[in-house]
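**Student:** First the structure, which I've put down as structure tokens, then a few questions once you've had a look.
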Amino acid sequence: MPQGYGLSKAAVNCYTQLLAARQPTLRVNACSPGFTNTDMCLGYTGTRQPKEVPLGASVFAKVIFGDLGAGKTGTFFKEASKAGVPLAEATSVVDAWVQ
């Protein structure tokens, strides 16, 4: 994992909360695809299997176009499915990271 990843993730989460509070007419949310097979996994030698990109990305579509993000702001969403789960069975959830 690149240096600074944890700090940058915390900063994005904090900024999401600040912007949501200061811009009540906007929906401002954060999403995580979870451990997904992207360039960040290059050289990964652990035993945890990353999920495929379409599965990880499914949370974004559910938040933007589906019911998951409807009417929510200042919320953190994550794709909670494990690697190998069929895309049709993807489970995206609200993560109570700050509430």
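The values are calculated or read from the model by the stated rules, or taken from the named source; none is laboratory data. Bear in mind the structure is a predicted one, so any value in this text is a computation, not a measurement. So basically every Cβ, Gly included, is an ideal-geometry build from the backbone, and we count neighbours across all protein chains shown. Heavy atoms of the whole protein, side chains included, go into the accessibility calculation; ligands, DNA and RNA do not. Shrake-Rupley method; radii C 1.70, N 1.55, O 1.52, S 1.80 Å.
**Student:** When the accessible area of region 1-62 is computed with all protein chains present and a 1.4 Å probe, what percentage of it is carbon and sulfur?
**Tutor:** Ligands and nucleic acids excluded, carbon and sulfur reach 60 percent.
**Student:** Towards the positive end of the charge dipole of the chain, with charges on Cβ (+1 Lys, Arg; -1 Asp, Glu), say which of 19, 6, 77 has the farthest Cα.
**Tutor:** 19
**Student:** Further question on the same structure: Can you give me the C-alpha center-to-center distance between region 1-34 and region 60-81, rounded to a whole angstrom?
**Tutor:** Their Cα centres are 14 Å away from one another.
**Student:** Something else: ³J(HN,Hα) across region 67-75 via Karplus (A = 6.51, B = -1.76, C = 1.60, θ = phi - 60°), whole Hz, x for Gly/Pro?
**Tutor:** Values per residue, Gly and Pro as x: 7, 4, x, 4, x, 9, 9, x, 10 Hz.
**Student:** Then there is this: Which cross-chain or sequence-distant (5 or more) residues have an amide H under 5 Å from the amide H of residue 75, H modelled 1.01 Å from N in plane?
**Tutor:** 30
**Student:** Hey, got the Cα dimensions of region 33-96 along the principal axes, in Å, largest first?
**Tutor:** 40, 24, 18
**Student:** Taking amide H positions as placed in the peptide plane 1.01 Å from N, state which residues far from residue 44 in sequence (5 or more) or on other chains have amide H under 5 Å from it.
**Tutor:** none
**Student:** Would you mind working out the accessible area per residue for region 11-93, using a 1.4 Å probe, and quoting it in Å²?
**Tutor:** Per residue, region 11-93 has an accessible area of 63 Å².
**Student:** Shifting gears a bit: Do you know the relative contact order of the chain, to the nearest whole percent, from alpha carbon pairs under 8 angstrom that are 6+ apart?
**Tutor:** Relative CO of the chain lands at 28 percent.
**Student:** Something else about it: Once the whole set of protein chains is in place, how much accessible area is left on residue 7, using a 1.4 Å probe, in Å² to the nearest 10?
**Tutor:** Roll a 1.4 Å probe over it and residue 7 shows about 140 Å².
**Student:** Oh, and also: Measure off 7 Å from each Cα along the Cα-to-Cβ vector at residue 10 and residue 53, then give the distance between these two points in nanometres to one decimal.
**Tutor:** Those two pseudo-labels are separated by 3.1 nm.
**Student:** OK, next. Only four residue types carry charge here, +1 at the Cβ of Lys and Arg and -1 at the Cβ of Asp and Glu. Report the dipole size of the chain about the Cα centre in Debye, rounded to the nearest 20.
**Tutor:** Its charge dipole is roughly 220 debye.
**Student:** Using θ = phi - 60° and the Karplus form 6.51 cos²θ - 1.76 cosθ + 1.60, what ³J(HN,Hα) does each residue of region 25-34 get, whole Hz, x for Gly and Pro?
**Tutor:** Whole-Hz 3J(HN,Hα) from phi for region 25-34: 8, 9, 9, 10, 9, 10, 10, 10, x, x.
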